[in-house]
Amino acid sequence: METDNEACAMTESKKRERPSGSGMYSCRDIEALESADSDIGLCGWMLVMLSIMLMILTLPLSIWMCIKIVKEYERAIIFRLGRILRGGAKGPGLFFILPCTDSFINVDMRTITFDIPPQEVLTKDSVTVSVDGVVYYRVQNATLAVANITNADAATRLLAQTTLRNVLGTKNLAEILSDREEIAHSMQSTLDDATDAWGIKVERVEIKDVKLPLQLQRAMAAEAEASREARAKVIAAEGEMNASRALKEASLVIAESPSALQLRYLQTLNTIAAEKNSTIIFPLPLEMMQGLLKR
């Protein structure tokens with residue numbers, strides 16, 4: 001079938017990209033799994049012939065036991081006397097089996113999503129955090145998913161949990177909080193390599209939430225508060241310094257021209273009058289005040 005041929009081509013390309021001994025299965029291995037009906041032996045062929053004769057004798061009732069239907073998103077792996085039938089996965093649509101000698105297993109080819117339970121992880125800097133995530137995967141080769149592992153779904157879930165702990169154990173707390181995309185990509189690559197021999201393709205991994213201990217949250221909040229207070233004090237000190245420099249420059253300008261001080265008095269009176277205030281200020285020349293002080 002075209003789907004199996006495409007999967008074979010992808011498997012071959014992956015095998016060329018990765019070093020040998022990584023647990024990869026080539027198309028020859030898949031063909032060996034699917035070429036079982038040629039090795040059933042003489043007794044096997046006799047049983048197959050008896051099954052065909054029984055089916056013919058019990059027509060048309062036996063037709064309901066021989067014709068099966070596979071949905072668009074499913075594939076059927078047929079076993080004949082315990083061996084996988086030549087041709088690999090069947091479907092979608094109708095397919096034919098022999099009574100008594102054939103059995104089949106349906107494999108769902110849709111993308112499956114599952115949540116990784118919260119994992120208690122000890123980071124590289126000895127901080128305990130609780131991290132959970134989500135994994136998206138699908139069965140790429142139905143034959144390998146049935147023949148090479150007992151329960152591909154449960155195995156992928158357990159492997160995702162251990163991979164999450166192993167990857168996060170090599171990161172410190174700051175990297176876990178800031179580099180979630182890099183961690184998710186690393187997990188996806190590790191899971192995809194490990195599950196390739198099972199005929200499973202891990203499409204995506206996402207880190208959902210990172211929960212910190214309550215005491216650590218309080219310590220981080222206190223640190224952030226202290227940092228903001230220190231920054232506020234520095235900004236206030238810089239403002240006072242700039243204001244004092246501006247006042248110094250203004251006093252130098254006013255000292256050069258005594259009439260500038262009188263103009264400043266008038267501006268102050270205008271400001272007070274605009275606010276409808278009953279307080280009235282009369283500016284007096286500084287020379288008059290100096291004369292009164294001498295007396």
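In this structure, K294 does satisfy being loosely packed, with under 13 Cβ neighbours inside 10 Å and at pLDDT below 75. Of the residues making up region 128-144, those that are aliphatic (A, V, I, L, M), touching a helix residue (DSSP H, G or I) at 6+ places or on another chain (Cβ under 9 Å) and either open to solvent by 30 Å² or more (accessible area, probe 1.4 Å) or within 13 Å of V202 (Cα to Cα) (or both) number 2. Of all residues in region 175-210, those being open to solvent by 70 Å² or more (accessible area, probe 1.4 Å) and on the phi > 0 side of the Ramachandran plot number 0. For A152, the criteria (1) out of contact with any strand residue (DSSP E or B) (no Cβ under 7 Å at 6 or more places or on another chain); (2) closer than 15 Å to I77 by Cα hold in every case but one, which is (1).
Taking the criterion of being of a type in the set (D, E) and open to solvent by less than 20 Å² (accessible area, probe 1.4 Å), no residue of region 148-174 qualifies. Looking across region 94-127, just one residue is under 30 Å from G82 (Cβ atoms), exposed (fewer than 15 other Cβ atoms within 10 Å of the Cβ) and of a type in the set (D, E, K, R), and that is R110. Hey, can you tell me all the residues within region 145-164 that are among the hydrophobic types (A, V, I, L, M, F, W, C) and not in a helix (DSSP H, G or I)? Within region 145-164, I149 is the sole residue that qualifies. Only one entry of T150, T111 meets the criterion of being in contact (Cβ under 8 Å) with a residue 24 or more places away in the chain, over 19 Å from R180 (Cα atoms) and hydroxyl-bearing (S, T, Y), and that entry is T111. Scanning region 211-252 for residues that are open to solvent by less than 90 Å² (accessible area, probe 1.4 Å) and over 57 Å from the mean Cα position of the chain (by Cα) yields A250, S251. Please verify whether E17 is within 38 Å of the chain's Cα centre (by Cα), more than 25 Å from C100 (Cα to Cα), at pLDDT below 80 and open to solvent by 60 Å² or more (accessible area, probe 1.4 Å), treating the condition exactly as stated. Yes.
The values are calculated or read from the model by the stated rules, or taken from the named source; none is laboratory data. Owing to the predicted nature of the structure, the values given are computational and were not obtained by experimental measurement. Neighbour counts are summed over all protein chains in view; Cβ atoms, including those assigned to glycine, are modelled from backbone coordinates with ideal geometry. Note: areas computed on protein heavy atoms with side chains; ligands, DNA, RNA excluded. Shrake-Rupley method; radii C 1.70, N 1.55, O 1.52, S 1.80 Å.
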